[in-house]
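I have placed the structure first, in the form of structure tokens, so that the comments after it can refer back to it.
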Amino acid sequence: MPFSLHFSPTPLITAPSPLSKPSFLVPYYHTLHAPKSPLCSSMEHALTHQGKQEAFDLRPEDSQTLPLGLRRDAMPSHVAVIMDGNRRWARLRDLPVRSGYEAGVESLRKIVEICCKWGIKVLSVFAFSSDNWFRPKVEVEFLMSLFERGMQEDTGIFFRENIRISVIGDLTKLPKALQELMVNLEEATKNNTLFQLIVAVSYSGHYDVVQACQRLALKAKCGLIEPSDINVSLMEQELETNCTEFPHPDLLIRTSGEFRISNFMLWQLAYTELYFAQSLWPDFGEAEFLKALLAFQQRQRRYGV
Amino acid sequence: MEKEVMSSLKMAGNILCSASSFIRKCIFGDLRVGPIPNHIAFIMDGNRRYAKKQKLSHDGAAGGGGRYDAGFWALMVMLLYCQELGVKYITAYAFSIDNFKRKPEEVESLMASMLEKFHLLDILVKRLAVRVHFVGNLELLSNELRASAMELMEATAAYSKSVLTICIAYTSRDEILHAVRESCEQKRIDLEFDNDDDNEIKLMKVEKNMYMAVAPDPDIIIRTGGENRLSNFLLWQSCWSHLHSMWVLWPEIGVWNLVFAILNFQRNKTYHLEMRKKEKEL
């Protein structure tokens with residue numbers, strides 16, 4: 001089965017779409033993997049029952065093979081993406097909404113591969129916002145099943161390609177099976193070092209700050225800290241982005257022409273460069289990503305000074 | 001002869017002013033057909049580049065006023081336009097805690113410039129019936145500046161036509177930390193005295209402790225100077241704000257920049273306001 005990143009199921013009623021076959025396949029190179037943690041049984045099951053999966057070359061490219069104009073020394077360590085426009089993309093083509101999500105997943109897969117090749121260490125994606133719970137129940141249930149199927153299908157790729165998966169958000173609202181799957185996948189890939197994909201599910205920037213506040217309040221209640229001790233460092237230890245070495249995105253990309261943060265990673269975006277792309281997420285490919293990175297590399301970052 | 005020429009020039013000037021004022025009123029009338037933002041926040045970037053362009057020194061010795069004078073007047077003009085349009089809340093990012101890292105003479109010049117503007121600001125805001133708030137970690141300011149700020153806040157407390165919030169010695173992270181500390185302290189007291197076993201701190205409680213609880217969340221955040229970032233400004237409050245970046249330097253901002261920003265806002269308003277309302281209901 002061709003590589004497809006977690007939230008993409010194969011289409012429910014038809015054969016795999018032509019879109020699912022990547023056009024960038026290169027001969028497989030054996031990559032060096034860091035030792036992985038022992039797999040839990042569900043992970044092993046997913047691996048042994050995976051069909052033949054095509055691998056792709058995830059070695060960071062030499063600077064000579066980076067696209068023209070892009071400088072390796074000025075690549076952002078952490079890119080965050082608000083993947084907006086999937087439903088609009090489907091509506092414009094008179095397709096059902098799920099086709100938009102599938103196309104969005106293809107886009108995500110391409111971006112993950114490009115990040116790995118171009119030396120970006122962390123990619124955070126806003127997969128499902130706390131506010132998305134207000135969408136029609138049928139749509140929400142569909143998305144949950146999409147996440148579950150996608151994670152099960154792509155587990156093998158994460159292990160083989162040394163990708164670490166982290167999930168941030170209020171997972172207690174998710175179906176139990178999906179919660180367990182996510183937690184197991186995080187645990188099983190936590191020692192993978194090539195690249196980290198942070199998936200924000202049932203997440204909002206407000207939620208992140210409030211849950212950090214609650215944890216700090218609990219510590220204060222137990223006498224471990226005084227409220228007056230709370231500083232940037234203590235706060236960042238409790239935020240959900242404590243799962244990564246690079247908690248602050250250097251670049252935030254939002255697609256579909258909306259000029260908003262929409263409650264994504266508010267604390268973490270203090271000095272982040274913002275890039276708003278007109279294209280809808282399923283159409284956001286390598287060319288658009290390159291434009292965003294080139295624009296980022298032109299910016300003069302002053303960090304508030 | 002000379003008197004006649006001067007008189008004609010004056011009349012021509014008056015006609016032009018009236019004409020431009022008339023055109024502005026018509027444009028504003030058209031804008032009011034659509035939703036007018038309740039709160040606009042400004043990141044006033046570009047003052048130093050403007051000063052360099054105009055060859056202004058720190059103390060204004062090169063003529064044309066101090067470095068930040070033009071920026072002050074730009075803010076007053078924006079305040080006037082916003083009031084005319086019906087925008088009730090205006091917030092301006094005047095001085096960030098990060099700005100203390102600039103060269104000492106620059107920080108000193110900026111502080112001196114702010115202090116000397118208080119008198120003018122006092123006259124203008126009282127004339128326009130504008131309530132003024134200064135938000136930020138005011139303890140970081142000099143005693144004189146802090147005292148002037150407190151005095152102006154008290155003097156304008158009764159006004160309600162517009163609200164001008166000036167963020168000074170402010171960063172959003174500092175504000176959030178302050179709110180978190182206050183919330184934790186309050187929770188600890190609640191637990192001690194009320195035997196309250198509920199450890200939960202809700203979003204509303206944290207929000208109440210923000211410095212910016214004096215105003216609703218901004219509908220639009222306008223940044224001049226061409227950069228596209230928040231620079232630690234209103235991170236908590238900006239979650240649903242329409243972000244508008246413009247190339248014009250802050251002292252050069254004009255009515256057309258404001259009109260364009262509002263037109264952009266009007267294109268995208270409804271969905272996100274609904275989402276914001278639903279989140280607060282949680």
Among B:ASN99, B:VAL180, B:ALA213, flag the residue with its Cα farthest along the positive direction of the charge dipole of chain B, charges on Cβ as +1 for Lys/Arg and -1 for Asp/Glu. B:ASN99
Going by C-beta contacts inside 10 Å, put B:SER231, A:SER228 in order with the fewest on the left. A:SER228, B:SER231
When the charge dipole of the range A:190-305 is computed with +1 on Lys and Arg Cβ and -1 on Asp and Glu Cβ about the Cα centre, the Cα farthest towards its positive end, among A:SER262, A:PHE276, A:LEU234, belongs to A:LEU234
Footprinting exposure proxy for B:ILE27, A:ILE225 (fewest neighbouring C-beta atoms within 10 Å first): B:ILE27, A:ILE225
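At a 10 Å Cβ-Cβ cut-off, how would you order B:ILE23, A:ILE198, B:ILE166, A:ILE114, fewest neighbours first? Don't jump to the answer; show the numbers that get you there.
Working: B:ILE23 11, A:ILE198 26, B:ILE166 22, A:ILE114 19.
With the fewest neighbours first, B:ILE23, A:ILE198, B:ILE166, A:ILE114 line up as B:ILE23, A:ILE114, B:ILE166, A:ILE198.
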Paramagnetic label zone (point 7 Å from Cα along Cα-to-C-beta, B:LEU80; backbone N under 19 Å) in the range B:232-256: B:250-256
Whole Å is fine, so just give me how far the alpha carbon centre of the range A:104-160 lies from that of the range A:221-274. 21 Å
Given B:LYS88/B:LYS202; B:LYS88/B:LYS208; A:LYS117/A:LYS190; B:LYS101/B:LYS208; A:LYS221/B:LYS208; A:LYS121/B:LYS187, the pairs whose alpha carbons are separated by over 32 Å: A:LYS121/B:LYS187
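Give the residue list of GluC sites (Glu not before Pro) in the range B:138-220 that are DSSP loop and have at most 15 other beta-carbon atoms within 10 angstrom. Let's see the in-between values first.
Details: sites: B:GLU139, B:GLU144, B:GLU151, B:GLU154, B:GLU175, B:GLU182, B:GLU185, B:GLU192, B:GLU200, B:GLU207; in loops: B:GLU200.
When the GluC sites (Glu not before Pro) of the range B:138-220 are filtered for loop state and at most 15 Cβ neighbours within 10 Å, B:GLU200 remain.
Run the helix sum for chain B: -39,500 (n - 2.57) per DSSP H stretch of 4+ residues, divided by residue count, reported at 222 nm to the nearest 500 deg cm²/dmol.
About -17500 deg cm²/dmol.
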One checks the Cα atoms of the range A:116-193 and finds Rg and Dmax, in Å, of 13.6, 39
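Read-outs throughout are calculated quantities, based only on the coordinates presented, and are distinct from any laboratory measurement. Since we're looking at a predicted model, the values are computed, not measured. Positions of Cβ are generated from backbone atoms using ideal geometry, with glycine treated the same way; all protein chains shown enter the neighbour counts.
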